[in-house]
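Undergrad: Sharing a structure below in structure tokens format, with a few things to ask.
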Amino acid sequence: MRTWKWCWTFTIAHSTRVVRLYAWTRPQQLIAETKSCIPASPGRAARYDYEYGRCGVCNIFLASESLAGKRIVRVTERKTKRDWACFPEETAVQYGRAEKTTLVMDNLNTHKPGSLYETFPPDKAKALWDRFEFVYTPSTEVG
């Protein structure tokens, strides 16, 4: 059933009252170049050394409304339940006029109602949960 609901969200026509967003969470390694490029000279192209220094990691939350050409991006130091809970809140502010927002996302342990209740007071968490329709992409587990 979950698979069909996920597929069904692609068939809904674009509307400003009912918004359909696709959300991704992605870790990203931060790197810096450690050596300068060797500039081009007559007859030779510029040369680059591929050595880099690690500068830590961050987490990227992205919500895309493909049919409207809009996206919301939030970068955090890590991916916690609290970080995720703030993302739907920001999305609700961006789409304040929408009656309902369908948020299609991965089935991760941070993407649960408990994350909202751990972060916000119960009345605010319930309002956020009711504002969104959360649709999870199918799991790739076998068995």
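Undergrad: As an exercise: evaluate Val18 against (1) at pLDDT 85 or above; (2) farther than 20 Å from Trp84 by Cβ; (3) surrounded by 11 or more Cβ atoms within 10 Å (Cβ to Cβ) and give the number of the one condition it does not meet.
TA: (1)
Undergrad: Same structure again: Checking the structure you have, find out if any residue of region 103-124 is assigned to a strand (DSSP E or B), among the charged types (D, E, K, R), out of contact with any Leu (no Cβ under 9 Å at 6 or more places or on another chain) and farther than 26 Å from Ile31 by Cβ.
TA: Our first condition is that a residue be assigned to a strand (DSSP E or B); within region 103-124, this holds for 103-105.
Filter once more, keeping what is among the charged types (D, E, K, R): none.
No, because not a single residue in region 103-124 is assigned to a strand (DSSP E or B), among the charged types (D, E, K, R), out of contact with any Leu (no Cβ under 9 Å at 6 or more places or on another chain) and farther than 26 Å from Ile31 by Cβ.
Undergrad: Restricting the search to region 94-109, which residues are more than 11 Å from Val19 (Cβ to Cβ) and surrounded by fewer than 17 Cβ atoms within 10 Å (Cβ to Cβ)? Step through it out loud before you land on a result.
TA: To start, the set of residues in region 94-109 that are more than 11 Å from Val19 (Cβ to Cβ) comprises 104-109.
If the condition is that a residue be more than 11 Å from Val19 (Cβ to Cβ) and surrounded by fewer than 17 Cβ atoms within 10 Å (Cβ to Cβ), then Asp106, Asn107, Leu108, Asn109 are the ones that fit.
Undergrad: Which residue pairs have Cβ atoms under 8 Å apart, sit 6 or more places apart or on different chains, and have a first residue in region 15-36 that is outside any strand (DSSP E or B) and a second that is basic (Lys, Arg) and surrounded by 11 or more Cβ atoms within 10 Å (Cβ to Cβ)?
TA: Listed pairs, sorted by first residue: Arg17/Lys100.
Quick grid of which residues meet (1) in contact (Cβ under 8 Å) with a residue 60 or more places away in the chain; (2) in contact with a strand residue (DSSP E or B) (Cβ under 7 Å, 6 or more places away or on another chain); (3) surrounded by 13 or more Cβ atoms within 10 Å (Cβ to Cβ); (4) within 18 Å of Arg17 (Cα to Cα):
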site: Arg44; (1), (2), (3), (4): no, no, no, no
site: Val75; (1), (2), (3), (4): no, yes, no, no
site: Arg78; (1), (2), (3), (4): no, yes, no, no
site: Asp83; (1), (2), (3), (4): no, yes, yes, no
site: Tyr117; (1), (2), (3), (4): no, no, yes, no
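Undergrad: Which condition number does Gln29 fail, the rest of (1) over 14 Å from the mean Cα position of the chain (by Cα); (2) of a type outside the set (Gly, Ala, Ser); (3) surrounded by 11 or more Cβ atoms within 10 Å (Cβ to Cβ); (4) over 22 Å from Leu128 (Cα atoms) being met?
TA: Every listed condition holds for Gln29 apart from (3).
Undergrad: Mind listing whichever residues of region 85-102 are in contact (Cβ under 8 Å) with a residue 40 or more places away in the chain and not in a helix (DSSP H, G or I)?
TA: Of everything in region 85-102, those that are in contact (Cβ under 8 Å) with a residue 40 or more places away in the chain and not in a helix (DSSP H, G or I) turn out to be Tyr95, Arg97, Ala98, Glu99, Lys100, Thr101, Thr102.
The values are calculated or read from the model by the stated rules, or taken from the named source; none is laboratory data. Note that the coordinates shown come from a computational prediction; the quantities given were computed from them, not determined experimentally. So basically every Cβ, Gly included, is an ideal-geometry build from the backbone, and we count neighbours across all protein chains shown.
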